[in-house]
Amino acid sequence: MKATSIHPIAEALPEIVALRDKLSWLSDGLDVRSLLWISGYAAGLAAAQQQGNVAAVAAEPAAAALSILYGSQTGNAKRAAEKLHDQALQAGIAARLLRLDDYTPKQLAAERSVWLVVSTQGDGDPSDDARRFVDVLRSKRAPRLPQLRYAVLGLGDASYPKFCEIGRIIDERLTELGATRWFARGEADVDIVSVLEPWSRQALEIARDELATPNAVASVTPIRARSNANSWHRDQPFAAEVLANQRITARDSAKDVRHIELSLAESGISYEPGDALGVWPENSAQSVQAVLSASRLQPEAAVTVGEHTRPLGEWLQREREIGKLSRPFLQKLAERSGSAELQHLLAAEQRAGLSSFLSTHRILDVLRAHPTGWDATSLVTALGPLAPRLYSIASSRKQVDDEVHLTVATIAWEAHGSTHHGVASDWLSTRTAEQDKVRVYIEPNTRFRLPANPETDLIMIGPGTGVAPFRAFVQERAAIGATGRHWLFFGNQHFSSQFLYQVEWQEALKRGQLQRLDLAFSRDQAEKIYVQDRLRQQARALYAWLQNGAHVYVCGDATNMAGDVHRALVDVIEHERGGGREDAEAYLAELDSAHRYLRDVY
Amino acid sequence: MTDNNTLSAVEGIKVRSRLLRGTLVESLADPITGALAEDDQMLIKFHGSYQQDDRDIREERRQQKLEPAYSFMIRTRLPGGVCSPAQWLALDGLADQYANGSLRLTTRQAFQLHGVIKRELKPTIAAMNAVLIDTIAACGDVNRNVMSAANPHISGAHAEALEWARRLSEHLLPKTHAYHEIWLDGVRVDEVRVDEGAGELGESATGESEPIYGPTYLPRKFKAAIAVPPLNDVDIFSQDLGFIAIIEDGKLIGFNLCVGGGMGSTHGDTTTFPRLADVIGFVTPDQLLAAAEAVVTAQRDFGNRIVRKHARLKYTIETHGIDWFKAEVEQRLSFRFAAARAFHFEHSGDRFGWVRGESGNWHLTVRIEAGRVADRNGRNWRQALAAIARIHDGEFRITPNQNLIIANVADAQRAGIDALLQTHGVDAGTAQSPLRLNALACVSYPTCPLAMAEAERYLPDFGAKLELLLVQHGLRDVPIGLRITGCPNGCARPFLAEIALVGKAPGRYNLYLGGDRRGQRLNALYRENIVEADILATLDPLLADFARGRSGDEGFADFLIRSEAIPAPPSVQFAASTRQSAERAL
């Protein structure tokens, strides 16, 4: 193998061709391992340069044949885009991968071929990194794009009415702007793979025919800048020992929130404040049993799917999603049971009805309501794969060494005659300290990082378990002796029972690691008080902090809180600047562009 | 030990407090914690409240990374323990609205609410004041709630005693405006009272000063009571300052004055001890306030402000001698004390059931175990008493034995009250054994920060076991006084009981024996740090001996001393002039 064949886009980049001699000299006599290391090293350098010099990159004309753009909140769209990028490179396509917060619609005018992989959040909102892109694209400022051909892969959750809304909006808007739809939009539900795979197969076939550079097929997998030293990842998780599983809401709290401590000892795993921990849950024995009895199957039955043969019980426990109901599963159940009711729900014009059905029913509910003659293999193939859940990390390695801490709200509710539990929170909250292990990996969240400057002030808004990353932030900033100030807004229902990490915040205040703490306990008085109300009450001081360069972080519920907090921030800015609504929104948008208004909402 | 010359930390807090203000307003407003700032935790006692926490869940909450479940006990100032039905209903409502759903009747004839959280403290205290019940000086280094004989059946003298208790309480109230500022937004429930205090000095721009106490108040708590013989329900010899009513031909002619009583002690520290008050003379009613003030100011000036556990009046007197103290007090007065008069106490308990008073009205004394008015186990005292309060025209009187008198009931109302008790599963308790009827217990766990062992929650259990033992020895109907406290601080006056359990550690108690039933003799430590089985095993042979050797209606501890099972502990030392008559009476 020759060093020159490592990077397929070398042909398209003359300045790199010019370096070929140097590279040959450098790589002469090196083994595969060393060459791979150099590849990774160079990719890392490139990524660092790109991050440090966004404006310069943006000004350059697109050199790649294909740009893959993504907007991702929880990492699914990012992962899908990365996979597409890898596959494109392997197919000999000079592709580049870009996140939408480093990209503007104006740049589209210089593109010829683009794939967009975008997720939709909550009630039809874009992911935070795509917010600005979508706003501009929908505005009059968007350029005409007659030269562009594009394809969109939307990701979403069919249990929300505006399923894959952002994908649809981008798709339709690009057509309006004169671009050519290269091929049909894909819409992936929570069971991403079932849509992603056929869509990417089709996409790659079409693109290879039109874009691939002859003889440039890479024979090694490029090592990407995003990969860190961790050898553990989503598909190869680390089995972390549970060190503590401590309820941190009082006995009279209806909410059961756990502080979970896991050991990463000897894993070599590192993480940064703001990162998330991916947790591979298992389904509880009770829920597996319930599915088995509803489908009248025995756990011992051997089932082979793909290369794997396992007893049905094990498939259900470790490999299959048996809680959250998805459209594909409902489709298969409708086919098997012949239920007119289900088929009616699945009809195209029933989108709103379906999404409400999906969000109010669990797999068990429909299995019970529509009994049909399942065989073990059909059940396993009908069910989607069990997916990992992401939790914002609540610790700094500088304080907890090789541990990682999580703040987990356990979720349980009554519906259709039985108690349902959130799969991962139930799994985590039933782990026994110093006995059980949990399969985990780090999901980096580069969009939710501490400011590089330790003198910068932080405004942290994290009600409920949204406070988790701020525990990590305050730990980290204390450990590095940061001189910037810290202001935390926390809320929950009750002061006495749900003030998460109360004693730690009190200590932090005493030690000067936290300068201000504003609390909103919604149900301790007649009128409901939320963090957004506290923001408005503190308008003057907040604006002074912003003017002083503070970064604003928001973490927690995306459905209501994030929007309420956003509006409150606009109110605060409008009130203090007196320049009207648009001026306030522009001010906040500038903070966003400058990466000073950061959100980790879910 | 504390440095010989350094004032105790609490003195510094008082000096800096600007007449009991401290940073209470800021502490109450601090949303980060359910507690007060440290200094304010001391100051709030002067306002009638203690910061506490639910000790049952303290460790659990520590693990939950939550601060302790802080709440506040609020104690009323209620001279003589008398309240109206309307006041009763108001407090009953507050028990549900802000507290733990119960009312606690205390051994100082006050109400306590428990479990009031910080942000509801102010509305609770304001609501109490709205029905003219304040909490000023119910705790703290000041004169506390003034007690007065509760037994109403000698009501003429009793009414006078009560009136003097009220005047004494008013006279010794702190005059700071802090209470009204903090809890009532500056509104004064009784403007006259405050203005009088200011007028006496007339020097400060705000008209605010403490003419009796001075800016640092007393070195330690100060307790006063008025007893009306032959009943010593107030345990007059346990008080810092006691007045024993002297009645001749049905008329109150004055009071014997006694000083220097007190219960509190520290386990294992022999420099601390319970002490019986000394009778030092006789005063006429019109001399009472001046005499009381002189005792208070002498203690203010000579009490130990360096070592807080030696700060009570009893230690001042032990240090300087009773004769010196008497002279010091007299020197502050325009008169000398007359010789103490003869008096006689029969017992210190309550008389249960209906009693007819001089006016012809009726008084019903009901047994409230450990003073806890709650609806529990089908015995719905709160509902019963609230229902009675709605139809009652008389008043309620809390007894110093944690019981309640429904007082001044017209003949026609009696049946209705009996019926309401029955409806709610309760009765006066007359069928209970004397042991159960007379036992006392302090609050202790889960709220009292000083508690070392259970008391109130343990009384029913231990009472039943001891009662069983009495039954086995044929002693079921013999009155034997039992008191249980969670610590040696002495809230249920344990050191006067025939049998006392004083908490050492969870499930462990010091066993004291030897008090009498008149409240005139201390008990003494008999066994240290023992568990229930050992307590019962220790008492069993003593009770067996008592059952065999009792003479007449001899008391249990009297028998133990006579039979030399225990040495005689200290008892009240009467001055020469009272000795003869007192001895005759005894």
- Message: Can you go through B:ALA178, B:ALA159, B:ALA127 and tell me which one is among the small types (Gly, Ala, Ser), open to solvent by 20 Å² or more (accessible area, probe 1.4 Å) and more than 21 Å from the chain's Cα centre (by Cα)?
- Response: B:ALA127
- Do we have A:ALA478 as touching a residue at least 12 places away in the same chain (Cβ under 8 Å), under 20 Å from A:GLU403 (Cβ atoms), more than 27 Å from the chain's Cα centre (by Cα) and more than 12 Å from chain B (Cβ to nearest Cβ) here? yes
- Residue check for A:VAL554: in contact with a Leu (Cβ under 8 Å, 6 or more places away or on another chain), of a type in the set (Val, Ile, Thr) and either within 14 Å of chain B (Cβ to nearest Cβ) or part of a loop (DSSP other than H, G, I, E, B) (or both): no
- Query: In the list A:ALA508, A:ALA520, which residue meets the criterion of being within 14 Å of chain B (Cβ to nearest Cβ), in contact with a Lys or Arg (Cβ under 8 Å, 6 or more places away or on another chain) and buried (at least 20 other Cβ atoms within 10 Å of the Cβ)?
  - Reply: A:ALA520
- Message: Quick check on region B:493-507: of everything there that is in contact with a helix residue (DSSP H, G or I) (Cβ under 9 Å, 6 or more places away or on another chain) and over 14 Å from B:SER265 (Cβ atoms), which residue is most open to solvent (accessible area, probe 1.4 Å)?
- Response: B:GLY507
- Query: Being modelled with pLDDT under 85 and either out of contact with any helix residue (DSSP H, G or I) (no Cβ under 9 Å at 6 or more places or on another chain) or part of a helix (DSSP H, G or I) (or both), is that true of even one residue in region B:140-152?
  - Reply: yes
- Message: One residue is enough: does region A:536-549 have a residue meeting the conditions within 14 Å of chain B (Cβ to nearest Cβ), at pLDDT 95 or above, surrounded by fewer than 24 Cβ atoms within 10 Å (Cβ to Cβ) and part of a loop (DSSP other than H, G, I, E, B)?
- Response: yes
- Could you check, for region A:240-254, whether at least one of its residues is touching a Phe, Trp or Tyr at 6+ places or on another chain (Cβ under 7 Å), more than 14 Å from every other protein chain (Cβ to nearest Cβ) and more than 28 Å from A:HIS494 (Cα to Cα)? no
- Would you say B:ARG527 is of a type in the set (Lys, Arg) and open to solvent by 60 Å² or more (accessible area, probe 1.4 Å)? yes
- Task: Hey, could you check region B:442-490 for residues that are surrounded by 20 or more Cβ atoms within 10 Å (Cβ to Cβ) and among the acidic types (Asp, Glu) and say which is nearest to B:THR272 (Cα to Cα)?
- Result: B:GLU454
- Item | Answer residue from region A:523-535, given it is open to solvent by 40 Å² or more (accessible area, probe 1.4 Å) and touching a residue at least 12 places away in the same chain (Cβ under 8 Å) and is nearest to the other protein chains (Cβ to nearest Cβ) among those | A:ARG534
- Message: Going by what's in this entry, would A:ARG251 be described as out of contact with any Ser or Thr (no Cβ under 6 Å at 6 or more places or on another chain), on the phi > 0 side of the Ramachandran plot and touching a residue at least 12 places away in the same chain (Cβ under 8 Å)?
- Response: no
- Note on the structure: When restricted to B:LEU36, B:LEU66, B:LEU78, the only residue more than 14 Å from chain A (Cβ to nearest Cβ) and among the hydrophobic types (A, V, I, L, M, F, W, C) is B:LEU78
- Message: Every residue in region B:39-62 that is within 12 Å of chain A (Cβ to nearest Cβ) and over 17 Å from B:LEU450 (Cα atoms), please.
- Response: B:GLU60, B:ARG61, B:ARG62
- Item | Elements of type helices (runs of 4 or more DSSP H) in region A:314-418, at least 3 residues being open to solvent by less than 70 Å² (accessible area, probe 1.4 Å) and over 24 Å from A:GLY75 (Cα atoms) | A:327-337, A:340-346, A:351-360, A:363-369, A:376-382
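Name the residue that is most open to solvent (accessible area, probe 1.4 Å), counting only residues in region A:184-194 that are closer than 17 Å to A:ALA81 by Cβ and at pLDDT 90 or above.
A:ARG185
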- Query: When residues of region A:257-277 are filtered for being more than 21 Å from the chain's Cα centre (by Cα) and over 16 Å from A:VAL408 (Cβ atoms), how many remain?
  - Reply: 6
- Residue within region B:481-491 that is at pLDDT 95 or above and in a helix (DSSP H, G or I) present: no
- Task: Those residues that are outside any helix (DSSP H, G or I) and open to solvent by less than 30 Å² (accessible area, probe 1.4 Å), I need them from region A:570-602; list them, please.
- Result: A:TYR597, A:LEU598, A:ARG599, A:ASP600, A:VAL601
- In the list B:TRP381, B:TRP354, which residue meets the criterion of being more than 22 Å from B:ALA227 (Cβ to Cβ) and crowded, with 22+ Cβ neighbours inside 10 Å? B:TRP381
- B:GLU26 being open to solvent by less than 10 Å² (accessible area, probe 1.4 Å) and away from chain A (no Cβ under 14 Å): no
- Task: Can you confirm whether region B:386-396 contains a residue that is surrounded by fewer than 19 Cβ atoms within 10 Å (Cβ to Cβ), among the basic types (Lys, Arg) and closer than 15 Å to B:PRO152 by Cβ?
- Result: no
- Query: Can you tell me which residues in region A:488-504 are open to solvent by 10 Å² or more (accessible area, probe 1.4 Å) and either closer than 18 Å to B:ALA35 by Cβ or at the interface with chain B (Cβ under 8 Å from one of its Cβ atoms) (or both)?
  - Reply: A:HIS494, A:PHE495, A:SER496, A:VAL503, A:GLU504
- Query: Do any strands (runs of 3 or more DSSP E) entirely within region B:49-124 hold 1 or more residues that are open to solvent by 30 Å² or more (accessible area, probe 1.4 Å) and among the hydroxyl-bearing types (Ser, Thr, Tyr), and if so, which?
  - Reply: B:49-53, B:70-75
- Query: Of the conditions (1) hydrophobic (A, V, I, L, M, F, W, C); (2) within 14 Å of chain B (Cβ to nearest Cβ); (3) surrounded by 17 or more Cβ atoms within 10 Å (Cβ to Cβ), A:VAL565 fails just one. Which one is it?
  - Reply: (2)
- Query: In the list B:ARG16, B:ARG62, which residue meets the criterion of being without any contact (Cβ under 8 Å) to a residue 24 or more places away in the chain and under 30 Å from A:LYS255 (Cβ atoms)?
  - Reply: B:ARG62
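The values are calculated or read from the model by the stated rules, or taken from the named source; none is laboratory data. Note that the coordinates shown come from a computational prediction; the quantities given were computed from them, not determined experimentally. No Cβ is skipped: glycine too gets one built from the backbone with ideal geometry, and neighbour counts run over all protein chains shown. All accessible areas refer to the heavy atoms of the entire protein, side chains included, with ligands and DNA or RNA removed. Shrake-Rupley method; radii C 1.70, N 1.55, O 1.52, S 1.80 Å.
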